[in-house]
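Student: After the structure tokens below, expect a handful of questions from me.
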Amino acid sequence: MSVAVRNLKPGEYLWFPEVAPAGPVLLVVALKTQRAYVYRNGVPIGVSTISSGKEGYETPTGVFTILQKHVDHKSNLYDDAPMPFMQRLTWDGVALHAGNLPGYPASHGCIRLPEAFARLLYGVTRLGMTVLVANDQTIPRVAPTPAFLRENAKIDEAEEGEEWTPEAAPEGPISILISAPDQRILVLRNGVRIGAARVAIDEAVISATAYILASIDSGRFRWLRLALPGRSEDAGKEVTVEERARLRLPSAFQNRLRAILGAGTVAIVTPDSLASGSAGERITVISSEEGP
């Protein structure tokens, strides 16, 4: 598949949903290679060429959620320009949509897709789904919804303790974010922060990692490692007992988290500090042997 992906010409895509007919969906956008990767149940089911933001209008990197969907959208910023199969990532103008793909970044910040691929993608996504936008092969900084940014812009000394406010977002997809430098876990639902706690990380690995909760069987949480661009060997591999043992959560927080998790939960482990925006390379895995 890697050769076929590299050889895609502008406007071309691959789509093979039959390899994973059902399960949670995640989209990863790689700006450096101008590609978008669709995963279902941890398995790649599609890849497409894209056109991201040009110089001066660069597409922001981050961990986003789909805030709005509209089949026949018109731009509010650029003379009612058509944006078919629009899926909004930010309220200030960044979205996924069908558009012209010249083979290089050319948009005003949006992520343009081939129209046929945009239609297919629109059919498998849902509001609140996680979208990762990265420059290279690492997970970027967190970029949740505006409510999160307003109320919890960064971690500081006043936030050392546990937080648990599920009523702030009673429904919607859940995303888990772990900052290795901060030793902290954040829980988002529909992009809104509903929980936070300190974590203990016993061992670090060398690159950023993403996971998806494929299923819960008789109390067993089955996490799959997602293959980010350039790391296809990791596709669909289940997290091992040894990997799960590298991270420990406070027991009360862990129990609350377990109670709300469901198939499709995305876990992102980032080498960035959520407090200062500093970067690093050390990450670990999402779940402990006893936990989610």
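The values are calculated or read from the model by the stated rules, or taken from the named source; none is laboratory data. Computed from a prediction, not measured in an experiment: that's the story for all the values here. All Cβ positions, glycine included, derive from the backbone under ideal geometry; neighbour counts span all protein chains shown.
Student: Determine whether ALA275 is at pLDDT 75 or above and either assigned to a strand (DSSP E or B) or out of contact with any Cys (no Cβ under 8 Å at 6 or more places or on another chain) (or both).
Tutor: Against the criterion (at pLDDT 75 or above and either assigned to a strand (DSSP E or B) or out of contact with any Cys (no Cβ under 8 Å at 6 or more places or on another chain) (or both)), ALA275 does not qualify.
Student: Mind listing whichever residues of region 46-75 are over 16 Å from the mean Cα position of the chain (by Cα), of a type in the set (Val, Ile, Thr) and assigned to a strand (DSSP E or B)?
Tutor: THR49, VAL71
Student: Inspect region 135-145 for any residue being at pLDDT below 85 and part of a strand (DSSP E or B) and give the result as yes or no.
Tutor: yes
Condition check ((1) out of contact with any strand residue (DSSP E or B) (no Cβ under 7 Å at 6 or more places or on another chain); (2) surrounded by 17 or more Cβ atoms within 10 Å (Cβ to Cβ)) across all residues:
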residue	(1), (2)
ARG6	yes, no
PRO10	no, no
ALA20	no, yes
ALA30	no, yes
GLY56	yes, no
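Student: State yes or no: is GLY23 modelled with pLDDT of 90 or more and either assigned by TED's automatic domain parsing to the domain that holds LEU89 or on the phi < 0 side of the Ramachandran plot (or both)?
Tutor: It is false that GLY23 is modelled with pLDDT of 90 or more and either assigned by TED's automatic domain parsing to the domain that holds LEU89 or on the phi < 0 side of the Ramachandran plot (or both).
Student: For region 87-98, which positions are buried (at least 23 other Cβ atoms within 10 Å of the Cβ) and over 15 Å from THR61 (Cα atoms)?
Tutor: GLN87, HIS97
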